1. What nm distance separates the two modelled labels at C:SER117 and C:ARG278, each placed 7 Å from Cα along Cα→Cβ?
2. Using Cα pairs under 8 angstrom and six or more residues apart, how large is the relative contact order of the stretch A:1-109, in percent?
3. Work out how far the C-alpha atoms of the protein assembly as shown reach from end to end along every principal axis, then list the three figures in whole Å, largest first.
4. What percentages make up the Cα-Cα pair-distance distribution of chain C when the bins are 10 Å wide from 0?
5. Which aspartates and glutamates have a Cα less than 20 Å from the Cα of A:LYS126, not counting those fewer than 8 places away in the same chain?
6. Among all the lysines, which ones have a C-alpha under 21 Å from C:LYS176's C-alpha, if same-chain residues fewer than 8 places away are not counted?
7. Could you tell me which of rounded, prolate or oblate describes the stretch C:20-174, using a ≥ b ≥ c as the square roots of the eigenvalues of the alpha-carbon gyration tensor, with rounded for a/c under 1.5 and, failing that, prolate when a/b is larger than b/c and oblate otherwise?
8. In whole Å, how far is the Cα centre of the stretch A:1-54 from that of the stretch B:229-290?
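What follows is calculated from the coordinates using simple rules that are stated; it is not laboratory data. None of the values given here were measured: they were computed from a predicted structure. Because the Cβ atoms are built from the backbone with ideal geometry, glycine has one as well, and the counts that use them run over all protein chains shown.
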Amino acid sequence: MPEALLEVRDLKAFYGDFQALHGVSLALRPGEMLALIGANGAGKTTLLKTICGLVAAPRETIRWKGEAIGGLPANDIVKRGIALVPEGRRLFPSLSVEENLILGGAMGRSGPWTLAAVYAMFPVLKEKRHAPSTSLSGGQQQMVAIGRALMSNPELILLDELSLGLAPIVTRDIYAMLPDILGHGMSAILVEQDVTRALAVSQHFICLQEGRVSLEGQPAAFTRERISAAYFGTAPT
Amino acid sequence: MTAAAIITRSTRASRIAGVLALAAVILLAAAPWWGSRADLRLIGEFATYVALASLWNLLAGYAGLVSVGQQAYVGLGGYVLFTCVLFLGLNPLLAIPLAGLAAGLLAIPVAKLVFRLQGAYFAIGTWVVAEVLRLSFAQVQALGGGSGISLPVDAVRAIASSRDLREWFIYWISLGLGTGAVLVAYLLLRSRIGLALTAIRDSEVASMSLGVRITSVKFAVYVLVAAATAMVGSLIFLQKLRITPDAAFSVNDWTAFVIFIVVIGGIGTIEGPVIGTIVYFLLREFLADLGSTYLLILGALAIVIMLAAPKGIWGSIAQRFGISLFPTGYRVHWRE
Amino acid sequence: MNWVNAIVQGILVGGLYALFAAGLSLIFGVMRLVNIAHGDLIILAAYVALVVVQLTGLHPLASLIAVVPLMAAFGYALQRGILNRTLGKDILPPLLVTFGLSVILQNGLLQVFTADSRKLNAGAMETMSFNAVAGINIGLMPLLMFLTAVAVIAGLQFVFYRTAMGRAFRAVSDDKETARLMGLDNDKVYAAAMALCLSVVAIAGIFLAIRSNFDPALGPGRLIFGFEAVIIGGLGNLWGTLAGGVILGVAQGIGAQIDPGWQLLAGHLAFLLVLAFRPKGLFPRIEG
């Protein structure tokens, strides 16, 4: 059994007094794509945020390549090889497309993803590289956000709601690019509202329901009804 | 078996405190009979700073209007008093409320201007207004220009016939303004306006969505505080018998000390300004002749408190023990 | 001729006001902090220069070599040690802490240097001037001051828009959380911004010290000039700040021509007029 790249053990996360996660556990192997599904407010984004350090967590609850990283500041965690493509893109409006990308790579991790490589993957960005990043269309901004995360040459990329606010055709195009984006042995955790799409591209999935894992395993092993029940919290456990 | 909710405003602690406060005020009011002239001056000065601090606290701690320019109204109060006495021949005691009125009127256009600025820029804007007043009064030769002017003894005699009686009247007015400021702040905060202020302080957006007319409330508080501050100012300079632009509009005397008092005592609480003034006077006893060192220490203390215990002395105590001597909120008890 | 001369001098002193204001503008842009001690830091720089000149015998302008790094280091430490802790949603802490700092600086300088007026001597440079047009004399120091202001602002623009540090400034100003995802340590970015700000403050302080007498109480007045230049020019626009400084300087010059006692008042009046009729300033770029 290959060593888990990322291990989350009994993670509890809070926003002030509100508990968003009630003891979530998962294990991610190298090169694996894990889909994280669940209704709004189930805790998917919170889980991603705790992994990359934007939300506090006890030290031992998150292990990355054997090292306990829970609660470390986000700028330290990114340097260890985890990158987040945030929900809603969160591009820097004061920076151009190219500046956003350059900033993504500023921490100096080496790897195949350079500015040239990103432009090769997303040629339209090269055309618009000096434009203010937020002047691009939704789909193009998503490309910038993905490119920006890739520029840090991560071993694990966290994708939060890629399809949010995008037209279905655009979403389809972006998902079509995913294999090339992840082709270099990158692991990924994908949070996605569109369950079908998410399960179609992943090897493993976790379903969150009100901050708890309600179902997990391989997509093919469960019926739609079973997954749906876990999604909405109507499944008997 | 239903639980009934009992809603009260006071606690045993606050009721005891209320009685004690009343007793203290009565005792202090009787000071002319048990205290010396020096005692009266000290207590009067104490009351003056309690007034200025409570007013600044109302403005900054509750309405969120952090002004570093209240010296504008202190000085204005002083100059209006001098003008009324010297050129209109009025009794100085009558000039005090007039000073308040004048300041209130001036505060209206001033507020319209400075309210266009936010946060720290608002603060500096109020400072500019004070500077404008200082420079303007320095140009008025009839009031002594930059060198200032004194009140002739005759004018002061109009207050009362004997010197003792004069000092008593001034003392009682100081005491009145001090307790009045605390009382007005207390009553205001217990009222609907107070509820609006606390809501604004907690979240402007939320309170706006509930229909709280933020600008009107802030405007009213600013004007009210300006008027009251000017009355205190007029009393201060009545006692000093001499006014100069630099003394009237001094940032150190009327703003720096006041801010430090409120921050150390506990900003955003009614008790805070009183506690802070006590600390200020105690420290002054020990550091009496150190002049600028005293300010330095106060400043450092205020910084430390703002970083380590932002609620100040009283705020930290109140939070820790859950007590409130001047309660402005409601308590809900459950009776099974 | 007197009027034209007054206006020309006003334009040149506007450069100094812009130097006062540039740091203020920079820090507000990066971290939405208004440092009430800003003026006192300018005066601190003047005193640091005084000490350096006394110890080394250097020409005041040459003392920049020492004063700039000293002030920059102080700014870095100040931000990381104290000011970073005040940043957040509440407006009170930064305001009250920087106010306390202002009082501490003034009184500390008073303790060490007394209230005596000082001045830095730039030697022959101070009296050199040339005749631009008939009757208009342009002093070397005022011109140098103005050109330095232009250079500093151009430099700051360059840093902001063409360097990695400037990129970091813009990023943390846009979105603190996502900036962390780029590996940026916000605490250090803010500290670097303050170091840059105090470098500009050092330059401003030295020119102030050469131009006129200074003493510990002068800080708040410089803060107000800087603040007025920023508001007149419009938030978020450094070149606007230069324009604001010039307008302030010219207003003061015109006021002084009418009556010497009116100099400062005229400047404040110009500020209040802009506030009344163009509250966002003349060339605004960001919301206050």
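1. Computed distance between label sites C:SER117 and C:ARG278 equals 3.5 nm.
2. Values: 141 pairs, mean separation 24.0, N = 109.
Normalised by residue count, the contact order of the stretch A:1-109 is 22 percent.
3. If we take the Cα atoms of the protein assembly as shown, the spans are 102, 92, 47 Å.
4. For chain C, the binned pair fractions read 7, 28, 36, 22, 6, 1, 0 percent.
5. Straight-distance partners of A:LYS126: A:GLU98, A:GLU99, A:ASP173, A:ASP180.
6. Here the lysines satisfying the reach criterion relative to C:LYS176 are A:LYS49, A:LYS79, C:LYS89, C:LYS188.
7. Details: a/c = 2.13, a/b = 1.36, b/c = 1.56.
Oblate is the answer for the stretch C:20-174, as a/c is 1.5 or above yet b/c matches or exceeds a/b.
8. 55 Å
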